[in-house]
1. Where the convex hull is taken over the Cα atoms of the range 1-50, what is its projected area averaged over directions, in nm²?
2. Counting Lys and Arg as +1 and Asp and Glu as -1, each charge on the Cβ, what is the dipole of the chain about the Cα centre in debye, to the nearest 20?
3. Once phi is turned into θ = phi - 60°, what whole-Hz ³J(HN,Hα) does the Karplus curve with 6.51, -1.76 and 1.60 give for every residue of the range 80-96, x standing for Gly and Pro?
4. Heavy atoms of the protein only, probe of 1.4 Å, neighbouring chains included. What is the accessible area of residue 123 in Å², nearest 10?
5. When the accessible area of the chain is split by element with a 1.4 Å probe, what percent falls to carbon and sulfur?
6. Just want the answer: with Cβ charges of +1 for Lys and Arg and -1 for Asp and Glu, which residue in 29, 98, 13 is farthest toward the dipole's positive end in the chain?
7. How would 114, 53 line up by accessible area, probe 1.4 Å, largest first?
8. How large is the accessible surface per residue of the chain, computed with a 1.4 Å probe and reported in Å² as a whole number?
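The values are calculated or read from the model by the stated rules, or taken from the named source; none is laboratory data. Everything quoted here is computed from the prediction, not taken from an experiment. Here the Cβ positions follow ideal geometry from the backbone for every residue, glycine too, while neighbour counts run over all protein chains shown. Note: areas computed on protein heavy atoms with side chains; ligands, DNA, RNA excluded. Shrake-Rupley method; radii C 1.70, N 1.55, O 1.52, S 1.80 Å.
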Amino acid sequence: QVQLVESGGGLVQAGDSLRLSCAASGRTFSISAMGWFRQAPGKEREFVAAIRWSGGSTYYADSVKGRVTISRDNAKNTVDLEMNSLKREDTAIYYCAAKLASGSYSEALDYDYWGQGTQVTVSS
């Protein structure tokens with residue numbers, strides 16, 4: 001089992017920056033990659049970014065590319081999501097997820113463990 005706990009959400013203004021963090025515990029040695037997803041009210045959960053646990057390759061959704069940076073600290077078992085130039089449409093609950101198998105990084109169904117989410121609200 002892997003446990004994930006997100007932190008860092010909050011209320012910010014458009015144009016601000018925000019850093020989300022995800023702490024993993026348990027059988028972290030089994031993790032292949034970590035990802036961030038988000039879900040806005042009335043919408044489906046969507047991929048934001050992912051990072052391979054070994055090697056550090058990163059993947060981003062087109063909607064956030066250039067504004068978001070995902071990073072990891074293997075020693076601390078944490079994955080951060082730095083978001084800049086936030087827009088109202090970035091408002092959502094952000095979820096951290098871990099996957100055990102290699103392969104697709106953008107499909108929520110491919111992830112095995114999920115955090116409870118952290119709310120990000122961007123006001124204009």
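1. Working: hull surface 18.5 nm².
Mean orientational projected area (the range 1-50, Cα hull): 4.6 nm².
2. Details: 13 positive and 13 negative charges, 27 e Å.
With only Lys, Arg, Asp and Glu charged at Cβ, the dipole is about 120 debye.
3. So the Karplus estimates, Gly and Pro as x, are 10, 10, 8, 10, 10, 6, 5, 10, 4, 6, 7, 4, 4, 8, 9, 10, 9 Hz.
4. It works out to around 40 Å².
5. Values: 2870 of 6360 Å².
That share works out to 45 percent.
6. 29
7. Values: 114 80, 53 25 Å².
These residues rank, largest area first, as 114, 53.
8. Values: 6360 Å² over 124 residues.
Value returned for the chain: 51 Å² of accessible area per residue.
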